[in-house]
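Report on the following structure.
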Amino acid sequence: MRFLRALVVGLFLLAAAVTAHAAPLEGAGWTAVWATSAQMPSKTMGTNWSEEGFSDHTLRQIIRVSQGGVATRVRLTNRYGTEPLAIAGATIAVTDTGANIRRDTLRPLTFGLASEFRIPAGADLTTDPVPLPVEPFQSLTITLHLAGPTGPATHHAQAHATTYRATGDHRADGVGTAFTETTQSWYYLSGVEVFDVLPHHSGVVTFGDSITEGVRSTPDADNRYPDELAERLASEGNPRAVIDQGIGGNRVTVDSSWLGDSARRRFRTDVLDQPGVGTVIILAGINDIGLSTDGPGAADTVVPVSTDQLVAGHLDLIRQARAKGLRVIGATLTPVYGSPYFSPAAESARQALNEWIRTAGAYDAVVDFDAALRDPVDPQRFAPEFDSGDHIHPGDAGYAAMAAAVNPAEFG
């Protein structure tokens, strides 16, 4: 089996080198095994370099794949850039600890076999395949040298994972001592895909807001509910790629410069364009409700949204998914009592949307996250053991309970 894999990888990479990015190679055998949703440059809490961008910097970013394969490629994005993004050099390697990498696994990332390349403003780019076999749940380090200046950077604000920065070109460093600056955001990364010769189950996209994104989970621990779901599926002998397309504060119906394009607008790039995917789980709407009349955000984020508008938004997401042949699972909204989002009107709207998700029959299946996390004595609240403390986001135990509530048989 090892010889077969090595032979296929060699032949595949030879074909890729000869044909560059010819259409027959695109999508055939590739599966998205990690992804994140792109956001506009913006200020957020904590250290964030997106507005200032980069100039003669090297970024070292760490992700964990949910499934393995025999070859790897990386999707980069300049979706919200206003000018072409020059990549002076890039590498990928298996992570050691912190900013350190396993030097024997270091591979250059190229595009059209060139080590330096540009990503047009508003565009995404997929690198050439590299002969880097990866195992399920392996951490990979992607290093970008940005000679710059780049201008404001497309990013994902709340990664819950440490990104490292150094001055100068350190893309090939095995030891990460030069990387003295850190943040909890990702920059220019959109996804990682693997190729394998063995049959595998179709992947799952988890799509939503900060609860899907993993806010209040332990940083660098991969305890978001999509991470927990991938681990659970593997432990039960039903391994699948599970990718996380959550954005904190994201809404179904409203675009925002700092809370992301609306779910309806970003659904194509974040879900439909992912290779190897067969199912999407949609958990969305609590921010539309919470920011309809009041909330913790800036005043210009408050936009009234009715339950009928939310239902229409969900129906549009379902329509888009089915047109692509995906199975669509709807998730109920979790409790918010005790948070700034709670009011009698907001609770009434949450209950109304949950009732529609459970009973309307619009979704192919339903996962009842509300029932999994609520306090049986006071159903408007989180059960104490699942509450992160802010009364709107689960903690690590809550995210594990969400993963446990998903029925894998519904994936088809």
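No lab work stands behind these numbers, since they all come straight from the coordinates. Small disclaimer: the values here were computed from a predicted structure and weren't measured. Methodologically, a virtual Cβ is constructed for each residue, glycine included, from the backbone with ideal geometry; neighbour enumeration extends over all protein chains shown.
Please determine, in degrees from 0 to 90 and to the nearest 10, the orientation of helix 396-405 with respect to the longest principal axis defined by the Cα atoms of the chain, where the helix direction is its Cα long axis.
Between helix and principal axis, roughly 80 degrees.
Could you size up the charge dipole of the chain around its Cα centre, putting +1 on the beta carbon of Lys and Arg and -1 on that of Asp and Glu, and report it in debye to the nearest 20?
Once rounded to the nearest 20, the dipole reads 1000 debye.
Taking the Cα centroid of the stretch 162-205 and of the stretch 337-364, what is the distance between the two, rounded to the nearest whole Å?
After rounding, the separation between the Cα centres reads 37 Å.
Going by alpha carbons, how many degrees (0 to 90, nearest 10) lie between the helix axis of 225-235 and the longest principal axis of the chain?
Long axis of 225-235 versus the principal axis of the chain: about 70 degrees.
Based on alpha-carbon atoms only, what is the radius of gyration of the chain relative to the globular estimate 2.2 N^0.38 Å?
Rg over 2.2 N^0.38 Å, computed on Cα atoms: 0.96.
Given an 8 Å cut-off on Cα distances and at least 6 residues of separation, report the relative contact order of the chain as a percent.
17
Using only the alpha-carbon atoms, how far is helix 2-19 inclined from the longest principal axis of the chain? Give it as 0 to 90 degrees, nearest 10.
That works out to roughly 80 degrees.
Using alpha carbon centroids, what distance separates the stretch 70-131 and the stretch 384-412, in Å?
With the stretch 70-131 and the stretch 384-412 each reduced to a Cα centre, they are spaced 33 Å.
State the answer as a single residue: which of Pro219, Ala409, Ala88 lies farthest towards the positive end of the charge dipole of the chain, with beta carbon charges of +1 for Lys and Arg and -1 for Asp and Glu, about the Cα centre.
In the chain, that residue is Ala88.
Take every DSSP beta bridge whose two residues both sit in the stretch 201-411, then give the antiparallel share in percent to the nearest 5.
15
Compute, for the stretch 2-192, the length of the dipole vector about the Cα centre, with Cβ point charges of +1 (Lys, Arg) and -1 (Asp, Glu) only. Units Debye, rounded to 20.
460
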